[in-house]
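Structure, as structure tokens:
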Amino acid sequence: MKFNLSVCSFFLFITICSHAQVSYGILGGIQQINAHVKIPDGPAIGATSGYGFHAGGMLKVGFDKNVFFSPQILYSLKGFTIHYNDMLQDSVTASKLQLHYIEIPLLLQFDTRSDGKGFFFLLGPSASVAITGKESRTFLDNSEKERPMRFANTAYGRFEMNLVAKAGYCFKSNIMITGGYSYGLGSIINDDYFARIVPRMITLSAGYFFRKK
């Protein structure tokens, strides 16, 4: 339901801004993902960063002289490893997660120059829905077992919200590069009695704007 609302909001903004000056383009890049993991009323659990990538499309809709609405729609692969070390007393020592998301950042862009070139900054929320995922678990006897991730009210959640901040530079050729940080606003686990897993992500992207409408 929350994701459907985000999708509707995305297309509503596009409709409202259909008569404004619009630039559109593509972008892609790599990302490093980590997570803050903690047992309820217990200790924090260590995690090792993983890597993934993202790719998709973007718009830049003019609001004011140097202020723009910049929505994106992306495919995003995220992954990291949690080192439980049998803290949950289920014989699991480590769990490697890989999740495939559709992500919709709804960002405000602030350009430092009125012609759109040079440095710019992006800030706003991002809504994601998990399409699928897999979990590779390692046990005390060093055996490993891989299984599809289960999404349910008492398991992993499909919906994820993040706060995104980015800084970038747009060249005269309409090529842009950005670096950013994504801060998870909630756990990707729905089960209140399981460990809370809150992702963090660093991104590096390159993109290209085709034209203005």
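What follows is calculated from the coordinates using simple rules that are stated; it is not laboratory data. Computed from a prediction, not measured in an experiment: that's the story for all the values here. Cβ atoms come from the backbone with ideal geometry, glycine included; neighbour counts cover every protein chain shown.
Listing for the model above:
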item: Extreme residue, positive dipole direction of the chain, given options Met161, Val129, Ile175 (C-beta unit charges); result: Ile175
item: Separation in nanometres of the label points that stand 7 Å from Cα toward Cβ, at Asn174 and Thr132; result: 3.5
item: The chain - percent relative contact order, Cα under 8 Å, separation 6 or more; result: 22
item: Ala152-His36 FRET efficiency (beta carbon distance; Förster radius 22 Å; 0.05 resolution); result: 0.45
item: Computed E for Ala44/Lys117 - FRET, C-beta separation, R0 35 angstrom, nearest 0.05; result: 0.20
item: Gaussian network model of the chain, Cα within-10 Å springs - most flexible of Ser114, Ser182, Ser23; result: Ser114
item: Selected from Phe69, Phe194, Phe151 as most flexible by GNM, with the chain as the system and alpha-carbon contacts under 10 Å; result: Phe194
item: Gaussian network model of the chain, Cα within-10 Å springs - most flexible of Phe110, Phe171, Phe80; result: Phe171
item: Using a Förster distance of 22 Å, the FRET efficiency for Lys65-Leu163 (Cβ separation, nearest 0.05); result: 0.30
item: Sequence-distant residues sharing a close amide H with Asp191 (under 5 Å, placed H); result: Ala155
item: Farthest toward positive dipole pole in the chain [+1 Lys/Arg, -1 Asp/Glu at C-beta], among Gly52, Leu107, Phe119; result: Phe119
item: Label zone at Ala206, where the point sits 7 Å out along the Cα-to-Cβ direction: segment 28-62 residues whose backbone N lies under 16 Å; result: 28-31, 53-56
item: Lys pairs under 17 Å by Cα in the chain, provided they are eight or more residues apart or on distinct chains; result: 18
item: Segment Asp90-Phe110, length gained on full extension (0.36 nm per residue, minus Cα span); result: 2.3 nm
item: Relative compactness, segment 2-212, computed as alpha-carbon Rg over 2.2 N^0.38 Å; result: 1.13
item: Charge dipole magnitude, Cβ of K and R +1, D and E -1 - segment 2-212, Cα centre, debye nearest 20; result: 780
